[in-house]
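The values are calculated or read from the model by the stated rules, or taken from the named source; none is laboratory data. Model, not experiment: these values are computed from the prediction. Glycine also receives a Cβ, built like all others from the backbone with ideal geometry; neighbour counts cover every protein chain displayed.
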Amino acid sequence: MKFKRKESGKPQFDFPAPMYFIAKMVKTVPFLGETLHSLELSRIGKGIQTIKVDRPIYVTGLARAGTTITLEMLSQHPDVGTHRYLHMVLPYAPQLVQWIADKTPLMLSPTERIHKDGIMVNRNSPEAVEEIFWQRYFQNTLDESKTNIMRADSSNPEFETFYRDHIKKLLLDQKRTRYAAKNNYNVSRLEYLQRIMPNVKFLIIIRNPFDHIASLAKQDIILSEIERQDPRLLDWTKIIGHREFGTAKICINFDNSDLVKEIRNDWKDKMTYVAGWAKYWASAYSYVHETLKNNSKLDEAVLVVKYETLCEKPDQTIDRILEHTELDSSKFKEVKQRYVKSLHPPTYYSVKYTEEETESIKAIAGPVAKFFGYDLAN
């Protein structure tokens, strides 16, 4: 596989040093974060009881499917509250970190995010933050040798109490009524999330395997390159729980440890590297298909969104998203029109597969892709 990308500057890890060290301290000493959470909760007092976690919206699917742009769009709905980049520093205390941020000029100017994918961010941009909590309370999240699937019978009362209270604090601080989160690892936690949040709304984003695998591989190569130049990135990915790419990437185990070993071995060899990503893609979306087929209640809570349809037919697709999530479309007209005009497939890179890679994607991902309306044979 060969890919070319339009350079918009040399990829580099560029995060303010004070924020980096604070985040690392909180990660290293979890008790500190949990104490801040308790103190913040105590300060709010009975006011937290007036907040409800109503129909939370979870955007998930494998990374590079279009989950970020979907969350970015939804975050601009006036009813929606999300985690932001600034929360990565003190994730356990959203109100405290917002108060501190309001008194500093750090990260106010938009810059292209480290992925080099044209998405501009500043400290107020929506971001995936909650994986920090999942990796704190569920140690198996970091263990590829065990299944990462969390079904309805999974339980962690301590986490569940903390998690609901944290979401309430976030909504109270932002004066919003609906929580939305992007977390790619949540694709393996659908049933558990529905049990603890019975009125949940899921948006599972999927993408044509040829394009999706190319984007996954490209991002893995880019972040591995930056890690070699600046080891802080490797440390940072561990701190914030974003471990989809690079040398610290975690492969989600969809109840098949042998397959995880296969994927790992494929990733080590240039000749089978693409096949490894094809197996990973197929394992994730095969799990989604089988789970929704066998769980009608969950199926009703899920809207599968094809990235291509979002780009090619944004008007209708955004309407479907709003209808499924039960967000007031009348409050979203201006935002919708901006995205109808701006959504398009990526143009900042191109990929060329070898004939062997093309055939491996067809053979490995093709059968699963058919379940979602993709015909890789043509």
Flag for Ile57 being β-branched (Val, Ile, Thr) and modelled with pLDDT under 95: no
Please identify the pairs in which a residue from the range 71-85 that is over 18 Å from Val129 (Cβ atoms) and in contact (Cβ under 8 Å) with a residue 40 or more places away in the chain has its Cβ atom under 7 Å from the Cβ atom of a residue that is of a type outside the set (S, T, N, Q) and outside any helix (DSSP H, G or I), counting only partners at least 6 apart or on another chain. His77/Leu327; His77/Phe332; Asp79/Arg176; Asp79/Arg178; Asp79/Leu327; Asp79/Asp328
Do you know which residues across the range 113-140 are within 16 Å of the chain's Cα centre (by Cα), closer than 18 Å to Asn186 by Cα and either part of a loop (DSSP other than H, G, I, E, B) or at pLDDT below 90 (or both)? Glu127, Ala128, Val129, Glu130
Any idea which of Phe202, Phe162 is among the hydrophobic types (A, V, I, L, M, F, W, C), more than 19 Å from the chain's Cα centre (by Cα), within 22 Å of His242 (Cβ to Cβ) and modelled with pLDDT of 95 or more? Phe162
Considering only residues that are within 15 Å of Val187 (Cβ to Cβ) and touching a Lys or Arg at 6+ places or on another chain (Cβ under 7 Å), which ones fall in the range 250-271? Ile250, Cys251, Asn253
Those residues of the range 209-236 which are under 25 Å from Ala180 (Cα atoms), at pLDDT 85 or above and of a type outside the set (A, V, I, L, M), in sequence order: His212, Ser215, Gln219
Is it the case, given these coordinates, that Asp255 is in a helix (DSSP H, G or I), touching a residue at least 12 places away in the same chain (Cβ under 8 Å) and surrounded by fewer than 21 Cβ atoms within 10 Å (Cβ to Cβ)? no
Single residue of Ser342, Ser283 found to be of a type in the set (S, T, N, Q) and at pLDDT below 95: Ser342
